[in-house]
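Working notes for the structure below.
The values are calculated or read from the model by the stated rules, or taken from the named source; none is laboratory data. What you are looking at is a predicted structure, and each value in this text was computed from that prediction instead of being measured. Glycine also receives a Cβ, built like all others from the backbone with ideal geometry; neighbour counts cover every protein chain displayed. Ligands, DNA and RNA are stripped out before the accessible areas are found, and what is left, the full protein with its side chains, is counted by its heavy atoms. Shrake-Rupley method; radii C 1.70, N 1.55, O 1.52, S 1.80 Å.
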Amino acid sequence: MKTEAEIIQALQTAASLTPSLTVTQYQRWSQNRDVPTFLEILSVYGTWTNALKASGLLEVRRYESQDMIQALRLASAKEGKLTSAQYRHWASGRSVPSLGDIITHFGSWSLAVKAVERLEEQHFTVQPEREKVEMVQALFEAYRILKPFNAITYQKWAKRFQKPSVAKVSRRFGSWKSALDELGIYESEGRGRE
């Protein structure tokens, strides 16, 4: 295990060869050298960013993580699947984090892209739960109001009040009947409840 002094020396030496030292650049530089490995650096400092800070290689950032993620999202909305070259071109002339800022913060371009993708996945896993809550609320409201309550009367009501359709409820719960069974509500005929 290398000492902190050896790690700092290695990082500073590697950084002298490039304007912004990334994980990949360090790993390439450190091959076949008797210097701390990337994993040894992480075991001491926890993150690449912390190691760069400790070695004096990281300036105080003007941008927070959310600024960088926002810039990456905006650029990918404009450019599609984003490469580092596309981002650099998109960012030039804009008041957004530079490619170097992003790489320094995340450790590499691919880690930055993966961080944004993970956030997108989390967003899309929360959205279906919100939709289910809206469906449940709509079904209970319709059940309380509609007489008779069934797929036909619900569909008309849902269309009029912009609520989830029978088809959408069926897709979410597997079927119209499964939705009603799960919620403990039943279709009714005529004027009264069964």
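Assigning unit charges at the beta carbon (Lys, Arg +1; Asp, Glu -1) and nothing else, what dipole magnitude in debye, to the nearest 20, does the chain show about its Cα centre?
It comes to approximately 980 debye.
How do 2-8, 148-154 rank on mean C-beta neighbours within 10 Å, highest first?
Ranked from most to least packed, the peptides come out as 148-154, 2-8.
In nm, to one decimal, how far is the Leu42 label point from the Asp181 one, both placed 7 Å along Cα→Cβ?
4.7
Could you tell me the ratio Rg/Rh of segment 43-108? Both radii from Cα atoms, Rh via Kirkwood.
The Rg/Rh ratio comes out at 1.02.
Relative to the longest principal axis of the C-alpha atoms of the chain, give the angle of the C-alpha long axis of helix 4-15, reported between 0 and 90° and rounded to the nearest 10°.
The two axes meet at around 90 degrees.
So which of Lys132/Lys159; Lys53/Lys78; Lys114/Lys168; Lys78/Lys132; Lys78/Lys114; Lys2/Lys114 end up more than 22 Å apart by C-alpha?
Among Lys132/Lys159; Lys53/Lys78; Lys114/Lys168; Lys78/Lys132; Lys78/Lys114; Lys2/Lys114, the Cα-Cα distance tops 22 Å for Lys53/Lys78; Lys114/Lys168; Lys78/Lys132; Lys2/Lys114.
Once the Cα atoms of helix 109-145 and of the chain are each reduced to a long axis, what angle between those two axes, in degrees from 0 to 90 to the nearest 10, is obtained?
Between helix and principal axis, roughly 10 degrees.
What figure, in Å² to the nearest 10, do you get for the accessible area of Arg73 with a 1.4 Å probe and non-protein molecules left out?
The accessible area comes out at roughly 100 Å².
More than 32 Å apart: what percent of Cα pairs in the chain qualify?
So the portion of pairs separated by more than 32 Å is 47 percent.
Please sort 32-39, 21-28, 99-106 by packing, taking for each peptide the average over its residues of neighbouring beta carbons within 10 angstrom, highest first.
99-106, 21-28, 32-39
Label 7 Å along Cα→Cβ of Lys114; segment 34-54 residues with amide nitrogen under 11 Å?
none
Convert each backbone phi in segment 151-162 into a coupling constant with the Karplus relation 6.51 cos²θ - 1.76 cosθ + 1.60 (shift: θ = phi - 60°), then list the ³J(HN,Hα) values in order as whole Hz, x for Gly and Pro.
4, 5, 5, 5, 4, 5, 5, 4, 5, 5, 9, 6
For the chain, what is the calculated [θ] at 222 nm in deg cm²/dmol (nearest 500), taking -39500 (n - 2.57) for each run of four or more DSSP H residues and dividing by its residue count?
Taking each H run of at least 4 residues, the total per residue is -20500 deg cm²/dmol.
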